[in-house]
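The structure appears below as structure tokens.
Where a number appears in this text, it was derived from the coordinates with a stated rule and is not lab data. The structure presented is a predicted model; accordingly, all values stated were derived computationally and were not measured. Here the Cβ positions follow ideal geometry from the backbone for every residue, glycine too, while neighbour counts run over all protein chains shown.
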Amino acid sequence: MYTTAFLDLPPLRSAAGTVRLPGSKSISNRVLLLAGLSEGRTRLHDLLDSDDTRVMIEALRQLGCGIEHEADALVVTGLGGRLAVREASLFLGNAGTAMRPLVAVLAVLSGLQGGRFELSGVPRMHERPIGDLVDALRSLGCRIDDLGQAGYPPLRLAGGSPRVDAPIRVRGDVSSQFLTALLMAAPLLSVQGPVRIEVVGELISKPYIEITLQLLQRFGVHVQRDGWQVFTVPEASVYRSPGDIHVEADASSASYFIALGAVAASAQAPVRIEGVGAHSIQGDIRFVEAAQAMGAVVHQGPNWLEVHRGTWPLRALDLDCNHIPDAAMTLAVMALYADGPTRLRNIASWRVKETDRIAAMATELRKLGAEVVEGSDSLTVHPLRQVRAAAIHTYDDHRVAMCFSLAAFHGLIEGLSTPQPLRILDPRCVAKTFPDYFETLFTVVRAEVADIPVLTIDGPTASGKGTLAAEVAKALGYHLLDSGALYRAAALSALEGGVDAEDETALATLAAGLPLRFEPGRVWLGERDVSEDLRREDVGALASRISAHPGVRKALRQRQLDFRRLPGLVADGRDMGTVIFPDAALKVFLTASAETRAERRYKQLISKGISANLATLLQDLQARDARDRSRIAAPLRPAEDAQLLDNSALSIEASVQQVLAWWAQRRPFG
Ligand code: DC
């Protein structure tokens, strides 16, 4: 997961390959609660692990449900309809799929069995309306106190005496989750008789109600439905665990990869999505039809999809999106690639989601240069005719972040000016439903190598360049190349294999064949973790010698180039800016004085319990500097266009800030 302040996407050119998507949020949070209400144990497979499911799991734990993590399942031991805990404060983040049903279920249970429960969330959760659900529950006889603004969380559920002698009426045109919540609470009331729920006004997002009904059925409750207006839960309905239940992959998440295929994949190398397909119970699977209408070619099996580009540019669309409210956001970005304006209608519910999504999409699409018309319950997006490098604000809304990543393909639009990088602010918000979204995206998209940004950091020994490079890479979410580790690994292999330090040919062959593998913070040589061995003094000394052989340098060149992968690279080492990545967008050369560096190394050694002498260290450093500067192959010197940074008096934090400030100047985001 990217936890950086922003993530920059270079212009993207094509997509191909297979993705496995995380479990559906809607299904995950429903089955979690149903398992929590059932008698006995339920094993949940392929559950989504995200912010929204974590708050639900934590709430169930607080309510006294058993939660056990097994290797391939989460096992929930349910309450069997009886409250185990009579008082709790539940924090539900920004998860509507946790807040709404828990309010209904706990209002009813506290009414029937006694209890006090406080439910709250993040500030945005307290701006998302819940009044219609609260009204319906109060009309039943539940006692619910507003702890903030009336009609919004936080709420206190404080008993009452619910009765089902009259039908429960609930509005269906603000959020279908109110009906879902009542449907999930209704079986708890059915001891008193059948529970009849009547929807007032047009029911929106019907497919989500279908999911609820299907899952209630899996847990033993068979709701009778009369059109989309009247729902009846039979008398004495009881939740029964189905034992095992599998969660299908998230169809809304699939929309980004379907769009990816439609925009950027060829018939020979489509985008394949596993875990969700034609047999899905999720309404958002119908996004497939919308994508097809725009020109995508889609092949599907029961639980897989394969997508590639058909019509190009895409066909503009005028669509009622009520049945695919979440996935429709993806259409708004696909519209940039269409042959005319695309109009998305009947999307008023966007205004009460994680953010006001109509306003958010309009604002951010305009930043890119698109013409957008915002209606009260519609959005019209014109194809992109000019593009600006844009920093996309994501409003703590996972879907804004995910769908805007698709705008990075604007280089594929004919006649557009030079493609621009795209900045996604606060990429961490995807954790709500798809923590590894960007990592997954990067496994199936390609950029031109020259478009992938590189930042090089170099300097004399003990200048702190390794630490600085690692910190900068972390701040940007970029890959890190510690090129010294390659030379050290070659040296370690040479030492252990008894290869002569002057035998250039043998060393070059050895360097070319090294079975090296890099993990964050660790280096593997074959099956062996050599991270510690690489730091040895004898290894460093030999690395310094063998790195003077041009043949060795040449043998390691391609491996270093291979580190230039999406979304970008920070490369540390002496010839990064001069030889390996001469086109790097920023080159930094550290120039701390020999005295400062000697002191740093001295402190480092002493802190490790190794005895050291400052004067000797200084002499050694000066000698090594002289040798490094004067050697013929890759002498130590700053690239002509390098920024010099004397970090003698700077903390690491201050050095990182300086480098990031230079980086910001070179980026087009203003
Ligand atoms: O940065 P380091 O101390 O891990 O580097 C080990 C040796 O490898 C060092 O003496 C210089 C050499 N080296 C090189 O010649 N070119 C690089 N790009 C990186 C390191």
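Here are the numbers for this structure:
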{"read-out": "The range 419-470 pair-distance distribution - Cα-Cα, 5 Å bins, rounded %", "value": "4, 13, 15, 16, 17, 17, 11, 6, 1"}
{"read-out": "Too-long pairs where the Cα-Cα distance tops 28 Å, listed order kept, from Lys465/Lys603; Lys367/Lys587; Lys206/Lys432; Lys432/Lys465", "value": "Lys367/Lys587; Lys432/Lys465"}
{"read-out": "Percent of beta bridges antiparallel (DSSP, the chain, rounded to nearest 5)", "value": "55 percent"}
{"read-out": "In the range 450-547, the GluC sites (Glu not before Pro) that fall in loop regions by DSSP, at most 16 other Cβ within 10 Å", "value": "Glu502, Glu527"}
{"read-out": "Computed lengthening from Arg629 to Glu198, 0.36 nm per intervening residue step minus Cα-Cα distance", "value": "146.9 nm"}
{"read-out": "Rg/Rg_globular for the range 81-162, with Rg_globular taken as 2.2 N^0.38 Å and Rg from C-alpha atoms", "value": "0.97"}
{"read-out": "At q = 0.11, 0.12, 0.16, 0.24 Å⁻¹, base-10 log of I(q)/I(0) for the range 203-299 (Debye sum, equal scatterers on each alpha carbon)", "value": "-0.46, -0.53, -0.78, -1.22"}
{"read-out": "Amide H contacts under 5 Å for Leu12, placed H, 5+ residues apart", "value": "Phe409, His410, Gly411"}
{"read-out": "Value of [θ]222 nm, deg cm²/dmol, for the chain, DSSP H segments ≥ 4, -39500 (n - 2.57) each, nearest 500", "value": "-11000 deg cm²/dmol"}
{"read-out": "In Å, descending, principal axis extents of the Cα set of the range 263-329", "value": "33, 28, 14"}
{"read-out": "Computed Kirkwood radius, in angstrom, where 1/r is averaged over Cα pairs of the range 373-472", "value": "16.6 Å"}
{"read-out": "Between the range 147-181 and the range 470-532, the Cα center-to-center distance that results, in Å", "value": "61 Å"}
{"read-out": "Extended-chain gain in nm, criterion 0.36 nm per residue less alpha-carbon gap, Gln224 and Trp312", "value": "27.1 nm"}
{"read-out": "Other-chain or far-sequence residues with amide H under 5 Å of Phe6's (modelled H)", "value": "Asp426"}
{"read-out": "Phi-based couplings in Hz for the range 408-420 (Karplus 6.51, -1.76, 1.60; Gly and Pro marked x)", "value": "6, 8, 5, x, 7, 7, 5, x, 7, 5, 3, x, 10"}
{"read-out": "Spin-label model distance (nm) - Glu70 vs Glu519, 7 Å beyond Cα toward Cβ", "value": "2.7 nm"}
{"read-out": "The range 519-524 - phi-based ³J(HN,Hα) in whole Hz, Karplus 6.51/-1.76/1.60, Gly and Pro as x", "value": "10, x, x, 9, 10, 10"}
{"read-out": "Kirkwood-based shape ratio for the range 579-659, expressed as Rg/Rh from alpha carbons", "value": "1.02"}
{"read-out": "Square roots of five times the Cα gyration tensor eigenvalues for the range 322-383, Å", "value": "17, 12, 10"}
{"read-out": "Pairs of alpha carbons in the chain whose separation is greater than 31 Å (percent)", "value": "60 percent"}
{"read-out": "Long-range HN-HN contacts of Gly193 with modeled amide H, under 5 Å", "value": "Ala236"}
